[in-house]
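K.L.:
Dropping a structure here in structure tokens format, bear with me for questions.
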Amino acid sequence: MSSFFKVFFASCLSLIAFTLLGILILIVIVSSVVSSDKPDIGRKGVLIVDLTKHYAEQKQEFPFAALTGNDDESLPGLFDVIRMIEHAKNDSAIRGIYIKCNANANGFASSQEIRNALEDFKTSKKFVIAYGEVISQSAYYVANVADRIYCNPKGGLDWTGMSTNLFFLRGTLEKLEIQPQIFYAGKFKSATEPLREYKMTEANKLQTSVYLNDLYSQVLLTAADKSKSDTATLHQLANTNALQTAEDAVRFKLLDAVKYDDEVKSEIIQKLGIKNDDKINFVSLSKYAKGTDFVPNNGSKIAVLYAEGEIVDGKAGDGQIGSDEFRILIRKLRLDESIKAVVVRINSPGGSALASEVIWRELQLTKKVKPVVVSLGDVAASGGYYMACVGDSIFAQPNTITGSIGVFGIIPNMEGFFKNKLGITFDGVKTGPFADLGNVSRPLNEAEKRFIQNSIDTIYHSFKSRVAEGRKLPIAQVDSIAQGRVWTGSRAMTIGLVDKIGNLNDAVNCAARLAKLKEFRVREYPEKKTFLQELMNKKEDAIKEVAIKKEIGEEQYTIFKHMQSLRKIMNIPQARLPFDMQIQ
């Protein structure tokens with residue numbers, strides 16, 4: 001018995017010691033990760049702008065990045081990227097910029113902001129060199145701003161034009177005997193087309209063709225400037241797929257030369273004036289963000305509120321705009337007397353119409369006590385524009401996707417699916433004829449359909465009224481440019497939905513002028529989550545995604561995500577774009 005207790009207590013002591021050691025190691029890890037020590041940027045640095053990285057509106061912190069020795073896993077936000085390029089222009093530690101341009105993970109408006117910043121950087125007379133092995137069209141759109149743009153001799157430049165594709169579920173729903181029962185307002189409101197059509201309607205094809213060609217024109221214009229050619233010739237090259245090899249791209253002057261990676265590095269070494277065997281001091285944006293003070297920190301405060309993702313009622317998930325959090329946050333900014341103006345940066349395809357209204361209301365109240373300026377990102381449409389229309393001034397890029405002023409609702413009838421596919425039937429008792437309105441186990445009757453369509457029409461009228469009030473336009477004029485139609489930023493400015501072409505920095509400067517501030521500092525909201533919150537969120541999301549993908553595969557996972565999005569919008573009036581706008 002005594003030997004048992006000896007073993008038992010020894011085991012307990014070992015467990016306690018192991019636990020304490022684990023806690024100590026965790027503390028050391030956390031301390032190393034969140035260390036505020038500035039990295040040394042060094043001399044003769046070359047700032048790397050990697051277009052294959054997606055620069056979201058706010059910085060993305062990845063737990064344990066510092067522990068793995070790869071700080072690049074944590075990415076700065078887009079606004080930081082722009083400000084860092086601007087800071088590097090006058091930083092003696094930075095001698096040039098190297099653009100990695102195989103692909104481009106950023107949207108068109110974000111790409112335009114990066115391109116503009118690079119173009120401004122060139123006025124410093126510092127070099128800008130771009131290199132890719134196989135350069136995508138969207139990457140080329142940014143990279144052709146460089147002094148020299150190179151491609152691997154066995155690589156190439158994608159130059160085939162642009163396209164967008166939607167996938168349609170009507171046939172699937174018919175096979176499953178599910179009737180979507182769709183209600184919408186606005187002849188261009190195409191968000192429900194994947195459920196009610198086998199292919200795009202003529203109205204949707206028209207609006208899509210217009211904005212797609214607007215985006216393509218931007219690509220052609222920048223390429224024409226690079227190649228000293230004309231857009232018609234470049235369009236013809238795409239139509240005939242004339243760029244079969246990297247050498248073809250050089251021959252048509254879209255690229256400066258074909259080079260291997262080591263040859264490009266040798267050219268950079270020459271420009272830096274260092275020895276051939278010296279290591280190039282490449283500086284990532286993540287390292288530069290930590291090693292420099294590129295953000296002014298004096299003067300009165302201007303709040304920049306990032307609204308990125310789908311708009312949802314109540315509490316938001318990761319990458320969503322929740323009405324509860326944003327209502328509380330905007331009220332906090334309104335009541336904070338140290339904040340002299342609010343800039344709302346919107347990058348959202350829309351979502352819940354009610355959540356959009358809730359956020360609009362808080363912004364409207366804020367506008368009465370301090371300036372509210374809006375900056376539109378890649379997409380600020382439907383519910384995203386619902387929030388935006390309250391602004392004292394609205395900024396957008398020429399290739400921002402905006403507008404889509406319309407509403408829809410979906411209440412599926414799954415009676416046939418339950419009965420004929422699953423063998424399930426339903427019966428019940430109710431106190432009135434409409435007590436179970438919205439029940440998916442039966443079809444809507446004609447009276448119920450009228451009620452729901454009237455509700456959609458009422459919300460649509462409210463949406464148009466908000467726009468008319470905010471933009472100071474007659475409601476009849478708003479109706480003519482609404483109808484769910486999507487516009488590019490440049491066209492939106494001509495029809496009165498946008499005030500100026502400009503980026504987030506332009507919007508901040510406008511807010512400072514409206515608030516009569518000579519000096520100011522920017523404070524960004526929502527405030528970033530703590531290290532442990534980020535760690536737990538990333539871990540949980542990653543485990544879920546990996547498990548589902550393992551079970552059903554990559555392609556089926558994409559369909560699963562679409563179906564999941566569909567489920568979330570059932571019975572909730574929506575002001576949003578189509579499920580997935582993929583432009584190639």
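K.L.:
Report, by chain and number, residues whose modeled amide H sits under 5 Å from the one on Gln60, excluding near sequence neighbours (fewer than 5 apart, same chain).
P.N.:
Those qualifying (amide H under 5 Å, at least 5 residues apart or on another chain) are Leu75, Gly77.
K.L.:
Among 284-296, 426-438, 355-367, how do they line up from the highest to the lowest mean number of other beta-carbon atoms within 10 Å?
P.N.:
For the peptides 284-296, 426-438, 355-367, the packing ranking is 355-367, 284-296, 426-438.
K.L.:
Over all directions, what mean area does the Cα convex hull of the stretch 466-510 project, stated in square nanometres?
P.N.:
That works out to 3.6 nm².
K.L.:
A further question on this structure: Mind checking the dipole of the stretch 459-505: about its Cα centre, +1 per Lys or Arg Cβ, -1 per Asp or Glu Cβ, Debye to the nearest 20?
P.N.:
Result for the stretch 459-505 is approximately 40 debye, rounded to the nearest 20.
K.L.:
Give me the net charge of Lys89's neighbourhood, meaning all other residues with Cβ under 13 Å from the Cβ of Lys89; Lys, Arg count +1, Asp, Glu -1.
P.N.:
Cβ neighbours under 13 Å give a net charge of +1.
K.L.:
Follow-up. Can you tell me the FRET efficiency between Phe168 and Glu202 if r is taken as the Cβ-Cβ distance and R0 is 22 Å, rounded to the nearest 0.05?
P.N.:
0.90
K.L.:
Under a Cβ-Cβ cut-off of 9 Å, what is the net charge of the residues other than Gly403 that fall near it, where Lys and Arg count +1 and Asp and Glu count -1?
P.N.:
That sum, taken over residues with Cβ under 9 Å, equals +2.
K.L.:
Let me ask you something else. Provide the packing ranking of 370-376, 497-503, i.e. peptides ordered by the mean count of other C-beta atoms within 10 Å per residue, highest first.
P.N.:
Order by mean packing, descending: 370-376, 497-503.
K.L.:
Could you calculate the FRET efficiency of Ser209 with Gln453 from 1/(1 + (r/R0)^6), where r is the beta carbon distance between them and R0 is 22 Å, rounded to 0.05?
P.N.:
Plugging the Cβ-Cβ distance into 1/(1 + (r/R0)^6) gives 0.15.
K.L.:
Going from the alpha-carbon gyration tensor of the stretch 81-220, what semi-axes, largest first and in whole Å, does one get by taking the root of 5 times each eigenvalue?
P.N.:
Values for the stretch 81-220, descending: 42, 17, 13 Å.
K.L.:
In the stretch 122-169, what trypsin sites (Lys or Arg not before Pro) fall in a loop by DSSP, with at most 10 other Cβ atoms inside 10 Å?
P.N.:
Hits after loop and neighbour filter: Lys125.
K.L.:
Continuing with this model, one more query. Under a point spin-label approximation (7 Å from Cα along Cα-to-Cβ), what is the Ile269-Ser480 distance to one decimal in nm?
P.N.:
6.5
K.L.:
Another question about this same structure. Between Met493, Gln483, Pro526, whose Cα lies farthest towards the positive end of the dipole of the stretch 479-527 when Lys and Arg beta carbons carry +1 and Asp and Glu beta carbons carry -1, centred on the Cα centre?
P.N.:
Met493
K.L.:
Between Val429 and Thr240, what is the label-to-label distance in nm when each label sits 7 Å out along the Cα-to-Cβ direction?
P.N.:
So the two model labels end up 7.9 nm from each other.
K.L.:
So for each of 84-93, 264-273, 393-402 I average, over its residues, the number of other beta carbons within 10 Å; can you give me the resulting order with the highest mean first?
P.N.:
Most protected by this proxy first, the peptides run 393-402, 84-93, 264-273.
K.L.:
What's the center-to-center distance, using Cα atoms, between the stretch 103-122 and the stretch 502-524 in Å?
P.N.:
21
K.L.:
Once phi is turned into ³J(HN,Hα) by the Karplus curve 6.51 cos²θ - 1.76 cosθ + 1.60 with θ = phi - 60°, what whole-Hz value does each residue of the stretch 450-459 show in order, with x for glycine and proline?
P.N.:
Residue by residue, the stretch 450-459 yields 5, 4, 5, 5, 4, 5, 4, 5, 5, 5 Hz.
K.L.:
Shifting gears a bit: Tally Lys/Arg at +1 and Asp/Glu at -1 over every other residue whose Cβ is under 15 Å from the Cβ of Gln453; what's the total?
P.N.:
+2
K.L.:
Under a Cβ-only charge scheme (Lys and Arg +1, Asp and Glu -1), can you give me the dipole magnitude of the stretch 168-308 about the Cα centre, in debye to the nearest 20?
P.N.:
360
K.L.:
If I take every Cα pair under 8 Å that is 6 or more residues apart in the stretch 369-465, average their sequence separation and divide by the length, what percent do I get for the relative contact order?
P.N.:
It rounds to 25 percent for the stretch 369-465.
K.L.:
Separation of the stretch 457-474 and the stretch 218-286 by C-alpha centroid, Å?
P.N.:
Answer, in whole Å: 47.
K.L.:
Something else: Nearest 20 debye, what's the magnitude of the dipole of the stretch 315-430 about its Cα centre given +1 on Lys and Arg Cβ and -1 on Asp and Glu Cβ?
P.N.:
In debye, rounded to 20, the stretch 315-430 gives about 260.
K.L.:
On a full-extension model of 0.36 nm per residue, what is the gain between Ser338 and Thr231, subtracting their alpha-carbon distance, rounded to one decimal in nm?
P.N.:
Using 0.36 nm per residue and subtracting the Cα-Cα distance, I get 33.5 nm.
K.L.:
Considering only DSSP beta bridges with both partners in the stretch 322-408, what is the antiparallel share in %, to the nearest 5?
P.N.:
For the stretch 322-408, the DSSP antiparallel bridge percentage is about 0.
No lab work stands behind these numbers, since they all come straight from the coordinates. Bear in mind the structure is a predicted one, so any value in this text is a computation, not a measurement. Every residue, glycine as well, gets a Cβ built from its backbone with ideal geometry; the counts of neighbours run over all protein chains shown.
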